[in-house]
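Have a look at the structure below before the remarks.
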Amino acid sequence: MKKHQNNRGFTLIEIMVVVVILGILAAFVVPKLLSRPDEARITKAATDIKGIEQSLGLFKLDSGFYPTTEQGLAALVSKPTIGRIPAKYPEGGYLKRVPTDPWGTPYVYLSPGIHGDFDLISLGADGEAGGEGNNADIESWKLD
């Protein structure tokens, strides 16, 4: 008595066809995915700026003024020791740490600002003023 064996498996040709198909798909999809991290960083920087603006608003609400350029965003983390000292300052501050943009560069803070009470800027991917595309500055006065 011979038992009939069912050979269930993939042939080498079937596996190669699948690999080729996956390679073709990857050629189209990977370039699109690689541009997304930069878009995500730009969106995160804009969101961070909005959050910092809210913290600055709370600082002003409590103290009656915005931190000076000299005090910087560090005034949102711990009570300033230079310049005008706020009478009311919450324990723990307004932020846990001095924020950096998604590229690891400190935000530029000017108070009084050129465009308002304060200006808050991320210098973009290149970390330098100006630029286009991913290197463009993200500026608080230009956000919705």
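The values are calculated or read from the model by the stated rules, or taken from the named source; none is laboratory data. All values reported here derive from a predicted model rather than from experimental measurement. Cβ sites come from the backbone with ideal geometry, for glycine too, and all protein chains shown count toward neighbours. For accessibility, only protein heavy atoms count, side chains too; no ligands or nucleic acids. Shrake-Rupley method; radii C 1.70, N 1.55, O 1.52, S 1.80 Å.
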With the structure loaded, tell me whether Pro102 is part of a loop (DSSP other than H, G, I, E, B) and free of Cβ contacts under 8 Å to residues at least 60 places away in the same chain or whether it fails that test. no
Is at least one residue of region 52-72 closer than 24 Å to Asp38 by Cβ and under 22 Å from the mean Cα position of the chain (by Cα)? yes
Being of a type outside the set (Ser, Thr, Tyr), surrounded by 14 or more Cβ atoms within 10 Å (Cβ to Cβ) and farther than 26 Å from Asp144 by Cβ, is that true of even one residue in region 14-27? no
From the residues in region 104-119 that are open to solvent by less than 60 Å² (accessible area, probe 1.4 Å) and among the hydrophobic types (A, V, I, L, M, F, W, C), which one is nearest to Lys44 (Cα to Cα)? Val108
Write out, first by first residue and then by second, each pair whose Cβ atoms fall under 7 Å of each other, whose residues are 6+ apart or on separate chains, and whose first residue, in region 120-144, is under 17 Å from Thr43 (Cβ atoms) while the second is among the aromatic types (Phe, Trp, Tyr) and in a loop (DSSP other than H, G, I, E, B). Leu120/Tyr107; Ile121/Tyr107; Ser122/Tyr107; Ala125/Trp103
Could you look through region 82-97, keep only residues that are surrounded by 15 or more Cβ atoms within 10 Å (Cβ to Cβ) and touching a residue at least 24 places away in the same chain (Cβ under 8 Å), and pick out the one that is nearest to the chain's Cα centre (by Cα)? Leu95
List pairs: first residue in region 56-81 and more than 13 Å from Tyr94 (Cα to Cα) and assigned to a loop (DSSP other than H, G, I, E, B), second residue open to solvent by 30 Å² or more (accessible area, probe 1.4 Å) and not small (Gly, Ala, Ser) anywhere in the structure, Cβ distance under 7 angstrom, at least six positions apart or on different chains. Phe65/Arg84; Thr69/Leu110; Glu70/Ile82; Gln71/Ile82
Residue check, Ile52 open to solvent by less than 50 Å² (accessible area, probe 1.4 Å) and either in a loop (DSSP other than H, G, I, E, B) or in contact (Cβ under 8 Å) with a residue 24 or more places away in the chain (or both): yes
